[in-house]
Amino acid sequence: GSLTKKQKKNCKKSEKKVTACGYTCSEPAVDGGWSDFGDWSECSASCGGGIKTRFRTCTNPAPENGGANCEGEAEKAEPCNTDPCPVDGGWTDFGDWSECSASCGGGSQSRSRTCANPAPAHGGNDCEGEAGESRECNTDLCPPRLPSWPEDFKWSSAGVPDGYTCMRVLEFAEPESHTWTDNFFCWKNGMADPGLRWSMAGKIAGQKCTNTHEAADPHTWEDNFVCLPADSPYNFKWNSAGPLGGLDCIQWLETADPDTWADNYLCAERGGDVN
């Protein structure tokens with residue numbers, strides 16, 4: 001061990017005495033010894049894996065007089081806060097707009113995004129804001145639709161009815177007493193013109209025409225036709241002996257004409273909204 005002061009003093013005296021004899025007096029070697037480790041340092045990361053360290057010193061005792069240094073490491077390290085860090089969610093880009101819900105007259109379309117860029121993980125926050133958005137589209141007014149058969153059509157033997165646009169049905173050969181001058185075949189206002197045309201002189205070239213013939217009426221009805229454009233969706237059939245089975249029919253009635261005009265019908269297949 002180390003010498004006390006008194007021992008050192010005595011040694012000095014003895015050293016002087018023995019120096020003349022060729023000898024020296026020196027302190028014994030002291031090997032170093034480790035202190036205890038200190039406290040751990042703060043972790044180098046709050047999450048996701050960090051390192052903490054602690055140290056000790058070769059001072060218990062320190063090496064002296066040629067004594068050996070301490071063996072081993074002065075520093076100790078170990079991992080800390082190894083739980084994964086929270087990941088807050090992030091939005092992807094918006095996708096493409098959907099098709100418009102209407103081709104005209106105003107519709108809507110939408111697009112969406114997902115909270116996956118990145119997705120929230122390990123307690124991270126969800127994305128803020130909306131996952132979808134919408135907007136108006138195709139806001140131009142729709143063109144008028146064609147009237148539907150038979151509900152949008154009407155026969156009138158008393159002039160043009162309110163709320164309708166009409167084609168006059170006339171045969172000049174009829175006596176005035178039969179009142180054919182105020183007979184009309186009509187369709188509701190606000191709808192597209194179906195292209196109805198009346199002819200008292202045979203078919204109209206380039207159109208599809210249906211003969212409205214009443215055989216019992218002697219007043220030249222054999223050359224009277226109701227005509228439509230060639231590409232019209234309506235396919236009329238005429239019957240002078242009551243409605244036709246399987247078709248929807250509208251009666252053409254002139255009560256002042258005695259020549260069997262009580263059983264004449266214009267018929268066609270039922271149609272929804274004809275576009």
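The values are calculated or read from the model by the stated rules, or taken from the named source; none is laboratory data. Everything quoted here is computed from the prediction, not taken from an experiment. Side chains included, ligands, DNA and RNA excluded: accessible areas come from the protein's heavy atoms. Shrake-Rupley method; radii C 1.70, N 1.55, O 1.52, S 1.80 Å.
Scattering from the stretch 119-275 was approximated by placing one identical point on each alpha carbon and applying the Debye formula without solvent; log10 I(q)/I(0) at 0.10, 0.17 1/Å stands at -0.43, -1.02. Taking all Cα pairs closer than 8 Å and separated by 6 or more residues, the relative contact order of the chain comes to 11 percent.
For the set 145, 270, 168, solvent exposure ranked by accessible area (probe 1.4 Å, protein chains only) runs largest to smallest as 270, 168, 145. Restricted to Cα atoms, the chain shows a radius of gyration and a Dmax of 55.2, 174 angstrom. When both the stretch 155-212 and the stretch 92-116 are represented by their alpha-carbon centers, they are found 47 Å apart. All distinct Cα pairs of the stretch 27-144 go into the 1/r average, and the inverse of that average, the Kirkwood radius, is 20.6 Å. With N the number of residues in the stretch 57-110, Rg(Cα) / (2.2 N^0.38 Å) evaluates to 3.47. For the chain, the longest principal axis of the C-alpha atoms and the axis of helix 5-19 are separated by about 50°. GNM on the chain, alpha-carbon springs under 10 angstrom: the most fluctuating residue among 257, 231, 36 is 36. Using a cut-off of 29 Å between Cα atoms, the listed pairs 154/203; 6/76; 8/76 include 6/76; 8/76 as exceeding that distance.
Protein-only accessible surface at a 1.4 angstrom probe places the residues 4, 212, 255 in the order 255, 4, 212, largest first.
For the residues 135, 111, a 1.4 Å probe over the protein chains yields an accessible-area ranking, largest first, of 135, 111. Taking only Cα atoms and a 10 Å spring cutoff, compute GNM fluctuations for the chain and point out the largest among 199, 108, 46. Maximum fluctuation in the GNM of the chain, among the listed residues, is at 46. For the chain, a Gaussian network of Cα nodes joined below 10 Å ranks 176, 133, 27 by mean-square fluctuation, and the top entry is 27.
The alpha-carbon atoms of the stretch 69-208 define a convex hull whose volume equals 198 cubic angstrom per residue.
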